[in-house]
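The values are calculated or read from the model by the stated rules, or taken from the named source; none is laboratory data. The model shown is predicted, which means the values in this text are computed figures rather than measured ones. Heads up: the accessible areas ignore ligands, DNA and RNA and are worked out on the full protein's heavy atoms, side chains in. Shrake-Rupley method; radii C 1.70, N 1.55, O 1.52, S 1.80 Å.
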Amino acid sequence: MQYFLTKSQLTRMENGLKAAISIPFIDDIEDYIVEAILEYAKEIQGIDPFTNVRSKRLYDVVDPKSQIGYSVKSLKWPFKAGTESEFELVIQRADIFKKALSLGFCHLDINTDPQTLGAALLTHWRIKVEEDAVFQNVDDKRIFVLLKSTDNKKFAFFEENIRLYQSDEITWKWTDKTKTGLQGIRNEDQMCVYRWYPNQKQFFERFKLPSNIQKLEINPIRLEKAQVVDILLPYLQAQP
């Protein structure tokens, strides 16, 4: 299911992006910065990683009231207004050969049947999604992706439920005889929704970006370092 920001959330997202971009001590809108802007947009009181150890759990932002958990990503990706496209990103490091027994498989290696390897990958991902949801008290599991143009002027917001597939919904095959890349093809529409590389252990998921995706165009304004210090320091010095 696809979700959209409300009008007020979209305004707060725009303001948060403008404010973050203006800070000359920040070189890109990524990682915790995206999480913080999402928390600001949705009015979620998150945990400050500056004073707390960052969790390696899946859900980077959790709304304790609604029990919605967001796996937050950012990605530089070309997208055009009014057109449907696809994008992909790393969702997990999956060393299924090393973890074969814990995943319920006697042995896995490069010569194992691709469908069995795919089943192991789906199990590996499902465990992460479900166990972290329990640990973080998340009932509604979602992914939120901030897509950015290369010039940092255009932004798109992708939010949907994390989808967990059954083994019979995906057909797995190697890209070629070298077995350097494994593809997971969704049977219902023949879309390649997963890619896995045994050497790097990186597990990718591919998504469809609908034509009605919410977008913003911002004129990036960068303040001078001295300006930021002069603006903030009086406020900071007034604190007890």
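Counting only protein heavy atoms and a 1.4 Å probe, the stretch 133-239 has 56 square angstrom of accessible area per residue. What the Cα convex hull of the stretch 61-160 gives, in volume per residue, is 142 Å³.
Distance between the C-alpha centers of the stretch 182-210 and the stretch 28-51? Whole Å please. So the separation of the two Cα centres works out to 28 Å. Tell me which label goes with the value of percent of Cα pairs over 28 Å apart computed from the coordinates here: (1) 47; (2) 41; (3) 26. Computing percent of Cα pairs over 28 Å apart and matching it to (1) 47; (2) 41; (3) 26 gives (2). Note on residue 18: lysines with a C-alpha under 20 Å away, same-chain residues under 8 apart excluded, are 7, 42, 73, 76, 148, 153, 154, 215, 225. If you run the Gaussian network model on the chain, springs between alpha carbon atoms under 10 Å, then out of 140, 109, 95 the most flexible one is 109. Taking 18 Å as the straight-line reach from the Cα of residue 208, the aspartates and glutamates in range (excluding those fewer than 8 positions away in the same chain) are 84, 86, 88, 159, 160, 169, 188, 189.
How large a share of the accessible area of the chain, in percent, is made up of carbon and sulfur atoms when the probe is 1.4 Å and the other protein chains stay in place? Before the final figure, lay out each step's value.
Values: 7140 of 13700 Å².
Roughly 52 percent, rounded to a whole number.
At 0.36 nm per residue, minus the direct Cα-Cα distance, what do residue 150 and residue 239 gain on full extension? Give it in nm, one decimal, please.
Values: separation 89, 0.36 × 89 = 32.04 nm, distance 3.86 nm.
Taking residue 150 through residue 239 to full extension adds about 28.2 nm, to one decimal.
Two numbers describe the Cα atoms of the stretch 1-90: Rg and Dmax, which are 14.2, 42 Å.
Given the Cα-Cα distance of residue 199 and residue 18 and 0.36 nm per residue of separation, how much length would full extension add, in nm? Walk me through the numbers before you get to the answer.
Details: separation 181, 0.36 × 181 = 65.16 nm, distance 3.94 nm.
The span from residue 199 to residue 18 would gain 61.2 nm if fully extended.
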